[in-house]
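S.K.: If you scroll down you'll find the structure; I have some questions about it.
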Amino acid sequence: MDLLCPSSEGWGPLSPSRPVDFTMCFEHGVLVTGANALFLVAAIVRLRTLRSAPLLPRALVVGSLFWVKLSLA
C-alpha cells in the first residue's frame, strides 16, 4: 500500500494534521482521477457528435483561405 500512497497521512479524505484539507493521496487518487474520467467521457461524446455532423462543402476546404485560418486558429 505504501507504493500507491507514500504519504504518512494515508488515503482518508481529510488530513489529520491540517484542518479542513484533503490528503494528497485522496486528491491524486480520487479527485484527479475522477476529473480525468469525466473529461474522457465528455471527449467521447464530443467526438461522436463531430463524426455525425455533415462534412464541409468542398469549396470551403479547397481554398487557401481555409488553410490559413486553420493554421492560425
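The values are calculated or read from the model by the stated rules, or taken from the named source; none is laboratory data. Keep in mind the model is a prediction, meaning the values are calculated, not measured. For the accessible areas, the whole protein counts, side chains as well, though only heavy atoms, and no ligand, DNA or RNA atoms are used. Shrake-Rupley method; radii C 1.70, N 1.55, O 1.52, S 1.80 Å.
S.K.: Go through the range 1-56 and report how many residues are among the polar types (S, T, N, Q) and modelled with pLDDT of 90 or more.
M.R.: Pass one, the range 1-56, residues among the polar types (S, T, N, Q): 7-8, 15, 17, 23, 33, 36, 49, 52.
With modelled with pLDDT of 90 or more added as a condition, the list becomes 36, 49, 52.
Looking only at that region, the number is 3.
S.K.: Given the structure, is residue 15 open to solvent by 100 Å² or more (accessible area, probe 1.4 Å) and farther than 28 Å from residue 71 by Cα?
M.R.: no
Residue by residue, here is whether (1) over 23 Å from the mean Cα position of the chain (by Cα); (2) of a type outside the set (S, T, N, Q) holds:
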position	(1), (2)
9	yes, yes
13	no, yes
22	no, yes
26	no, yes
33	no, no
36	no, no
39	no, yes
66	yes, yes
72	yes, yes
